[in-house]
Amino acid sequence: MSATALAGLPRQIKHAVRQVRGRRDLVVVVSSRPRFELGSVDLQHTTLDLADLDRSYYLRGAGRTARSLAGFIQENSFQRVCFIGASKGGFGALMLSRELAEALPRVQFSAIAFSPQTRLWPKNEGLGFPSYAALIAEAKHNRRLAASLERFGDQRRPLASDSVRWRVYYGSKNAGDTAEAEGLPTGGVTLAPLPMSSHSTLLPVLCSRLEPEQIRRIVQAHHGAKSADADLAFNLLSSNQEQLVNEIAATQPVPSFNEIVSEAFDAMPGPNPWRRLMARFARA
């Protein structure tokens, strides 16, 4: 496997590749934190882990990130690519899958997003995360970041490519997350509400088919991380550990990550020669 193109990623985008030989599909895990997420989950496909060390919603150098990923996909002949992300990572998954679907019309893309922010620009008064406040403040004096916000910051625009599909999980009892999800375009987007008030809709899948005590240990670890993550601490202001345990237990059974990814790949159409022909004419 070649990873030459990944050398072009912006300096703040940390990456790692988990190769599975013999598979021509790619999973890209877009972390919401400045470290990798889901690293302990074997997704049974070659997996590219991404983490934004600047917590800038993958907007800083977004065009460069998309070009590097396009090069990585092309140099390894991946035909189907599935992005996974939650919260900030969910925004990144939507943004990057959209951009790559337009750049690589021969490749099929999907994004599985958990409680994503969907509109960062124009300024979204409904988002109270500290990282978002910092992003908007910096954009006032950083022209490049401001330009990136204006170009990529609104994922509520209709999808221009028929080679990308989105599935968005969100808490139906969380007014902010519901507004973000329901603001998305209808074409190519499937909404999957969960009966939760928490922003942490990634956890039910991480806890798929676990017993209550196992769920409780995962929730305890989740709460324990809030001291080092201002956004996570903000997210957990309105919920206690036992409430979150009960909400997760109420969602069960839910599919595992592998089942969700497999379903996303299975829903993608096979290679379409007419799409390739039309893309050739479009470039002519």
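The values are calculated or read from the model by the stated rules, or taken from the named source; none is laboratory data. Keep in mind that this is a model prediction, so the values were computed, not measured. Cβ atoms come from the backbone with ideal geometry, glycine included; neighbour counts cover every protein chain shown.
Sort out which residues of the stretch 194-234 are in contact with a Cys (Cβ under 9 Å, 6 or more places away or on another chain) and aliphatic (A, V, I, L, M), and write them in order of number.
Within the stretch 194-234, 215, 218, 219 qualify.
Take the residues in the stretch 72-83 that are outside any loop (DSSP other than H, G, I, E, B) and of a type in the set (Phe, Trp, Tyr), then tell me which one is surrounded by the most Cβ atoms within 10 Å (Cβ to Cβ).
83
Specify the residue that is surrounded by the most Cβ atoms within 10 Å (Cβ to Cβ); the eligible residues are those in the stretch 6-42 that are within 18 Å of residue 92 (Cβ to Cβ) and of a type in the set (Gly, Ala, Ser).
Applying the filter and picking the extreme gives 32.
Yes or no: the stretch 139-162 includes at least one residue that is among the acidic types (Asp, Glu) and closer than 22 Å to residue 233 by Cβ.
Looking for residues that are among the acidic types (Asp, Glu) and closer than 22 Å to residue 233 by Cβ, one finds none in the stretch 139-162, hence no.
All but one of (1) assigned to a helix (DSSP H, G or I); (2) buried (at least 21 other Cβ atoms within 10 Å of the Cβ) hold for residue 168, so report the exception by its number.
(1)
Scan the stretch 212-269 for residues that are modelled with pLDDT under 85, charged (D, E, K, R) and assigned to a helix (DSSP H, G or I) and jot them down.
226, 231
Conditions first: (1) closer than 17 Å to residue 57 by Cβ; (2) among the small types (Gly, Ala, Ser); (3) outside any loop (DSSP other than H, G, I, E, B). Residue 128 passes all but one, so which condition is the exception?
Every condition holds for residue 128 apart from (3).
Give the residues of the stretch 95-131 that are aliphatic (A, V, I, L, M) and either more than 17 Å from residue 55 (Cβ to Cβ) or modelled with pLDDT under 95 (or both), sorted by residue number.
Answer for the stretch 95-131, where residues must be aliphatic (A, V, I, L, M) and either more than 17 Å from residue 55 (Cβ to Cβ) or modelled with pLDDT under 95 (or both): 100, 101, 103, 104, 107, 111, 112, 113.
How many residues are of a type in the set (Gly, Ala, Ser) and surrounded by fewer than 17 Cβ atoms within 10 Å (Cβ to Cβ) if we restrict to the stretch 43-71?
Total meeting the criteria: 1.
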